[in-house]
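This report concerns only the one structure given below.
The values are calculated or read from the model by the stated rules, or taken from the named source; none is laboratory data. Since the model is a prediction, treat every value here as computed from it, not as a measurement. Please note: Cβ atoms are built from the backbone with ideal geometry, for glycine as well, and neighbour counts cover all protein chains shown. The protein model used for the area step is the full one, side chains on, heavy atoms only, and it has no ligands, DNA or RNA in it. Shrake-Rupley method; radii C 1.70, N 1.55, O 1.52, S 1.80 Å.
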Amino acid sequence: MISKIKRIDRVVILTGAGISAESGIQTFRASDGLWENHRIEDVATPSAWERDPRLVWEFYQGRRRQLLEVDPNPAHDALVELEQHLDEFLLVTQNVDDLHSRAGSRELIHMHGELRKLRCEECGDVIVAMGEEDLKEEYVACTNCRNERLRPHIVWFHEMPLRMRDIDIAVADCDIFIAIGTSGHVYPAAGLLSVASSCGAHCIGINLDPPQNVGLFDEFHQGKAGEILPGLVSQWIATEDDE
Ligand code: APR
């Protein structure tokens, strides 16, 4: 078991939907999860957007509006505290909510995109669009070109996650890799654990249920992230401060 994280340790964190569950955002694969009520191929693929943009748009507008009703929880806050104690830190999130940045995380990659943003498929413009007008049923038009319909800035199934090169380099180089609240079903995110492990990092998992790749962790803490992460972080940091 790791007892401390030193300031010079290079730490990479991977988070998934579980870290935002205690803020009131549904996870994907639970019995009451998002993918129980919506078919992925209807709302989260490029072909769904081509076939039925209205359905896709309504699905994401609902999720975008929900951001106004939720707040970061103690697990998001604990990662901010950890970042402040380290020289080299990277938080990679699969989540498309904005709770890490609202909590105050700085070195952050949203590998699956961001609900706050919309993107123009014609000119490539990406904008933050969270005003009242942007959250209605109507499509939002591009202000840069003539496209009448911006798409959610979300990485759909069959699309490439964002900034994979930066992520791969950080993971291959890290001393400590910590995965929190992710079921380990979706690649390439799910493969980062085995890369970290084979490159010699100490790998820690924190999850409500053991994820499918649990055997690769050097240590695994089972429970709710909001309940156990703050204690773990203070323990890791306090031990160094006491030296
Ligand atoms: N604390 C810690 N873990 C939790 C909590 C909690 N409070 N609540 C749930 N979990 C765990 C669940 O046990 C589960 O293993 O979080 C995990 C959530 O798994 P998924 O719903 O599969 O979410 P995630 O791993 O983030 O999904 C990956 O799949 O659909 C795509 O693009 C979507 O980014 C998403 C990706």
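Of all the listed residues (68, 86), the sole one being among the aliphatic types (A, V, I, L, M), under 25 Å from residue 171 (Cα atoms) and at pLDDT 95 or above is 86.
Just one of the listed residues (42, 32) is at negative phi and open to solvent by 60 Å² or more (accessible area, probe 1.4 Å), and it is 32. Would you pick out the residues in the range 93-137 that are in a helix (DSSP H, G or I) and out of contact with any Asp or Glu (no Cβ under 6 Å at 6 or more places or on another chain)? 99, 100, 101, 102, 132, 133, 134, 135, listed by residue number.
Yes/no per residue for (1) touching a residue at least 60 places away in the same chain (Cβ under 8 Å); (2) under 18 Å from the mean Cα position of the chain (by Cα); (3) more than 16 Å from the ligand (Cβ to nearest atom):
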| residue | (1), (2), (3) |
| --- | --- |
| 157 | yes, yes, no |
| 160 | no, yes, no |
| 178 | yes, yes, no |
| 191 | no, yes, no |
| 197 | no, no, yes |
| 205 | no, yes, no |
| 221 | no, no, no |
| 231 | no, no, no |
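Which of the following residues is more than 25 Å from residue 72 (Cα to Cα) and out of contact with any His (no Cβ under 6 Å at 6 or more places or on another chain): 214, 233? Unique residue meeting the criteria: 214. Can we say residue 161 is out of contact with any Lys or Arg (no Cβ under 6 Å at 6 or more places or on another chain) and more than 28 Å from residue 69 (Cα to Cα)? Answer is no for this residue. You will find that of 103, 30, 78, the residue that is under 24 Å from residue 208 (Cα atoms) and within 10 Å of the ligand (Cβ to nearest atom) is 30 and no other.
So that you can scan it fast, the table gives a plain yes or no per residue for (1) open to solvent by 10 Å² or more (accessible area, probe 1.4 Å); (2) away from the ligand (no atom under 13 Å from the Cβ); (3) not assigned by TED's automatic domain parsing to the domain that holds residue 220:
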position	(1), (2), (3)
4	yes, yes, yes
48	no, yes, yes
92	no, no, no
108	yes, yes, no
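When we screen 62, 16 for residues that are within 15 Å of the ligand (Cβ to nearest atom) and out of contact with any helix residue (DSSP H, G or I) (no Cβ under 7 Å at 6 or more places or on another chain), the only hit is 16.
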